[in-house]
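The values are calculated or read from the model by the stated rules, or taken from the named source; none is laboratory data. Since this is a predicted model, take the numbers as computed values, not measurements. Every residue, glycine as well, gets a Cβ built from its backbone with ideal geometry; the counts of neighbours run over all protein chains shown. Each accessible area value is taken on the protein alone, full model and side chains, heavy atoms only, with ligands, DNA and RNA left out. Shrake-Rupley method; radii C 1.70, N 1.55, O 1.52, S 1.80 Å.
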Amino acid sequence: MASQSSPVMDEETVTGSEPTEVESALETARRQLQHAADHLDIDPNIVERLKYPKKVHEVTVPIKRDDGNVEVFTGYRARHDSVRGPYKGGLRYHPDVTRDECVGLGMWMTWKCAVMNLPFGGAKGGVAVNPKELSDDEKERLTRRFAEEIRGVIGPTVDIPAPDMGTDPQTMAWLMDAYSMQEGETVPGVVTGKPPVVGGSEGRDEAPGRSVAIIAREAIEYYEKDVKESTVAIQGYGSVGSNAARLLDDWGANVVAVSDVNGGIYDANGLDTHTIPSHYEEPEAVMGYDAPETVTNTELLELDVDVLIPAAIGNVLTAENANDVMADIIVEGANGPITSAADQIFTERAIPVIPDILANAGGVTVSYFEWLQDINRRAWSLERVHNELEEEMLTAWEVVKDEYDSRKVTWRDAAYIVALSRIAEAHEARGLWP
Ligand code: NAD
């Protein structure tokens, strides 16, 4: 997902501290592909193919604004690879959506689904529009028209969108309804991240934060620390940050700092994460919470903690601040919170970084569960979702850990090696058509 589920903010830049060495999503995806390929004995022709999308659909989306004028937006659906199953990935509404961004983020989805061993390929799409400037009615008209324009290329066995930045469960409900109306039957499996009442899964919203907490817990244990004695700092208190914070807190970790876009709060004795309002309970209210100390977002990233979880936006850890990070372990909650230059510095400083494609993959994993429930016309309990997510995360963790231990690479490389091996093996087995 990329991401899957509630509004996400992965590609936004950091207010007030614009990093200089930021790559595009496509550059990052290609670099990481090549990097993983260098460790593996795979056919270079397969790697070459994976550098490009299978197809990019570009459409125009005209809508009637509330004032009666017609405005035309551009929408995309980029398909990267489907060797392991239908394309899967989010749809975002954001003014900066471009063809290349969709291609790059679609590639990330291919790696993320493969590292989790989900039977999906990668895709991403969106509309270049500022959703904050649309009324709810305009958003609904935009979604229904966009659904119609991409109807021929999505479908429950072909390409399954999900929410992403600027879109949410309601957007997915409209999309599912528009698609179903034209198909003449209710097709819940065409999108995931829907409200449970129309086939969405229990536990979908909290899943990325839950997976971040599970992976953080495993990493803490791997480095022979005790969760109950570990200190944690989390940047971003939205879907990912708040859910990860609360679970780690429930497991006994000492969550000493959390933040939102306005700054953070700090308590050396541990914050009561359940009473701090998350982004959805009360937007940007972290600073209003009665805590002993406040910190800036810059200071939060440099706290001397056992685990640092950047869970807000992309590119917050850069060459400029990587040397000031004091955490022992970094777990990527957000998509792409670390620039490649900072990543290099963390490798040199021997600070382990557990990558986003593993840590926050709970979102797409529960999307997979949702799809299974939809095509089987059966709803799982929240308990079952939690149990199966735990199992999938632990399985993925073990496989990545084995690569990490045996190859002596970074955790990021280990995750990409797992993903690319699976994709390359599937390509080898299927061969090139015709
Ligand atoms: P969200 O909108 O629910 O919350 C974002 C939080 O980050 C808010 O508390 C906001 O105040 C804070 N924030 C925004 N700008 C900030 C800044 N400059 N500095 C510090 N804090 C800032 O978003 P989310 O869904 O939790 O997503 C967070 C990250 O996780 C994104 O990178 C997203 O792509 C990634 N992600 C999300 C999901 C998902 O399903 N929600 C899945 C996988 C990855």
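Of the cross-linked pairs 55/401; 124/408; 132/194; 64/194; 51/408; 54/132, which ones have a Cα-Cα span greater than 29 Å in the structure shown?
Cα-Cα > 29 Å for 55/401; 124/408; 54/132; rest within.
Near residue 288, once Lys and Arg are set to +1 and Asp and Glu to -1 for all other residues with Cβ below 11 Å from its Cβ, the sum equals -4. Its DSSP H runs of at least 4 residues, each contributing -39,500 (n - 2.57), put the calculated 222 nm mean residue ellipticity of the chain at -13000 deg cm²/dmol, to the nearest 500. A 1.4 Å probe run over the protein chains yields, for the stretch 225-280, 35 Å² of accessible area per residue, whole-number rounding. Pairwise Cα separations in the stretch 225-269 fall into 10 Å bins from 0 onward with the following percentages, short to long: 30, 56, 13, 0. Within the stretch 322-409, report the trypsin sites (Lys or Arg not before Pro) that DSSP leaves as loop and that have at most 11 other Cβ atoms within 10 Å. In loop regions of the stretch 322-409 (DSSP not H, G, I, E or B), the sparsely surrounded trypsin sites (Lys or Arg not before Pro) are 349, 377, 378, 408. Compactness ratio for the stretch 301-434: Cα radius of gyration over 2.2 N^0.38 Å (N = residue count) comes to 1.24. Where in the stretch 407-434 is the amide nitrogen less than 18 Å from a point lying 7 Å along the Cα-to-Cβ axis of residue 49? Inside the label zone: 419-434.
If the viscosity is 1.567 mPa s and the temperature 4 °C, what Stokes-Einstein diffusion coefficient in µm²/s follows for the stretch 234-296 when Rh is the Kirkwood radius over Cα pairs?
Rounded to a whole number, D works out at 117 µm²/s.
Shape descriptor for the chain: Rg over Rh equals 0.95 (Cα atoms; Rh from the Kirkwood inverse mean 1/r). Projecting the Cα positions of 68, 118, 91 onto the charge dipole of the stretch 52-198 (unit charges on Cβ atoms of Lys, Arg, Asp and Glu, taken about the Cα centre) puts 118 furthest along the positive direction. When the alpha-carbon atoms of the stretch 157-245 are used, the pair Rg, Dmax equals 17.6, 56 angstrom. Across the alpha-carbon set of the stretch 52-198, the Rg to Rh ratio works out to 0.96, Rh being the Kirkwood radius. In a fully extended conformation the segment linking residue 67 and residue 275 would gain 70.7 nm over its present Cα-Cα distance, using 0.36 nm per residue.
On a per residue basis, the stretch 52-198 carries 36 Å² of accessible surface, using protein heavy atoms and a 1.4 Å probe. With the simple spin-label model, which puts each label point 7 Å out from Cα in the Cβ direction, the residue 430 to residue 183 separation comes to 2.0 nm. Modelled this way, with points 7 Å down the Cα-to-C-beta line, the labels at residue 153 and residue 130 are 2.7 nm from one another. For the stretch 52-198, a simple Cβ point-charge model (Lys and Arg +1, Asp and Glu -1, everything else neutral) yields a dipole of about 600 debye relative to the Cα centre. Each part gets one Cα centre, and for the stretch 184-225 versus the stretch 226-303 those centres are 21 Å apart.
The fraction of accessible area contributed by carbon and sulfur in the chain is 46 percent, rounded to a whole number (1.4 Å probe; ligands and nucleic acids excluded).
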